[in-house]
1. For L217, state whether it is touching a residue at least 12 places away in the same chain (Cβ under 8 Å), aliphatic (A, V, I, L, M) and either under 22 Å from I78 (Cα atoms) or assigned to a helix (DSSP H, G or I) (or both).
2. Which number in (1) at pLDDT 95 or above; (2) of a type in the set (S, T, N, Q); (3) more than 24 Å from L79 (Cα to Cα) marks the one condition that T189 misses?
3. Would you check which residues across the stretch 75-106 are without any contact (Cβ under 8 Å) to a residue 40 or more places away in the chain, assigned to a loop (DSSP other than H, G, I, E, B) and not hydrophobic (A, V, I, L, M, F, W, C) and list them?
4. With respect to N293, determine if the residue is over 25 Å from M89 (Cβ atoms) and either buried (at least 19 other Cβ atoms within 10 Å of the Cβ) or modelled with pLDDT under 95 (or both).
5. Among all residue pairs at least 6 apart or on different chains, which show Cβ distances below 8 Å where the first residue, located in the stretch 150-177, is without any contact (Cβ under 8 Å) to a residue 40 or more places away in the chain and at negative phi and the second is loosely packed, with under 15 Cβ neighbours inside 10 Å and not in a helix (DSSP H, G or I)?
6. On the given criteria, is A252 assigned to a helix (DSSP H, G or I) and small (G, A, S)?
7. Hey, any hits in the stretch 319-329 for a residue that's of a type in the set (D, E) and part of a loop (DSSP other than H, G, I, E, B)?
8. Are any of the residues in the stretch 160-169 aromatic (F, W, Y), closer than 30 Å to S278 by Cα, out of contact with any Phe, Trp or Tyr (no Cβ under 7 Å at 6 or more places or on another chain) and modelled with pLDDT of 90 or more?
Amino acid sequence: MTGLQDRLTPAQVEEFGRELDALRQRIVDDLGEEDLEYIRKIIKTQRALEVTGRGLLFAGFLPPAWLAGVAALSAAKILDNMEIGHNVMHGQYDWTRIPELSSQRFEWDTVAPAENWRHSHNYIHHTYTNIVDKDRDVGYGILRMDPAQKWHPYYLGNPVYATLLALLFQWGVMLHDLEVERVVKGERTWAENVPVLRRIVRKASRQIGKDYVLFPLLTGPLAPLTFLGNASANLVRNLWAFSIIFCGHFPADVESFTEEETENETRGQWYLRQILGSANITGGPLFHILSGNLSHQIEHHLFPDLPARRYPQIAGEVREICERYGLPYNTGPLRRQLWSVAKKIVRLALPGKPGPTATVDPERQLRAA
């Protein structure tokens, strides 16, 4: 952990915040038909891919058709979760006043109920980003992802837990809002979880019925192949979502914070915490779309309610602002960020003291002034 107060002077922090506020407002003032047309096109593409994928599974006795069906259905599920569901539920299109784009009404193609996710993600994670013991996305309640988390022999299984979470990611997200680790510690009761659990049962039942009962039965004798195809598409989506999300939050040099150092946080300090606690992934336009533009996790953490298609447009300006203030802008290709995350998962499975605290370059700080 590096103290937020060690990065910039109070005056610099507030000026930094004003610059980012101005950038955000400029984009808000520019929102319009082009943004609406973009999300409509993505939704249309997602639906076409799902229809194509499910249609090809009707010809699943032909291996090429089955593989193409799985590929199309995987892409449809990825788009639904990443570029559509995640972003719409952040309120990125509430300004349109279109019911199907309402953050409070949207439901996505995953076992995690949207209402639960909006609480655990939109509120808890984006309010307390990378604050240890407050942001439950730090380790998802099962992993040790920061040296500030007290080591326990349980964490020797870190690599195993991470692998299982990657394979079953939608189920991990589904269970996240139950806060089981708090129940175990006596900080939360099972009675408090009843409404959350009811939503989970309803949503998971619908998803299981759709993917593993209804659509397989519709293909008659090909039901086992359709079942396997749907399971494969869900697996691809799980692995992809896990990779993108973990690469945006846990590579080396992404920082975490204590509750004490974030008390009475100003807007500028909140922005600073988002910069230091996030990482980007480089790639081309298709890669960014399939990642839900969470490949621009820095920009997303700064402006979670701006349409994600705008993140690539402002990334260069955000990076330039960071450079002027002597702040890191953590970015790199997927393979490098993923390898960095994997090493951290293995390293933190073992007991040991936190690594050396990062130091501030005085000359860089003077340049920022």
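The values are calculated or read from the model by the stated rules, or taken from the named source; none is laboratory data. Keep in mind that what you see is a predicted model, and the values were worked out from it rather than measured. As a convention, Cβ positions derive from the backbone with ideal geometry for all residues, glycine included, and neighbour counts pool all protein chains shown.
1. No.
2. (1)
3. R97, S102, S103, Q104, R105
4. In short, no.
5. Listed by first residue and then by second, the contacts come to nothing, as the list is empty.
6. On the way: assigned to a helix (DSSP H, G or I): no; small (G, A, S): yes.
No, not satisfied.
7. Taking every residue of the stretch 319-329 in turn, none turns out to be of a type in the set (D, E) and part of a loop (DSSP other than H, G, I, E, B).
8. Checked the stretch 160-169: at least one residue is aromatic (F, W, Y), closer than 30 Å to S278 by Cα, out of contact with any Phe, Trp or Tyr (no Cβ under 7 Å at 6 or more places or on another chain) and modelled with pLDDT of 90 or more.
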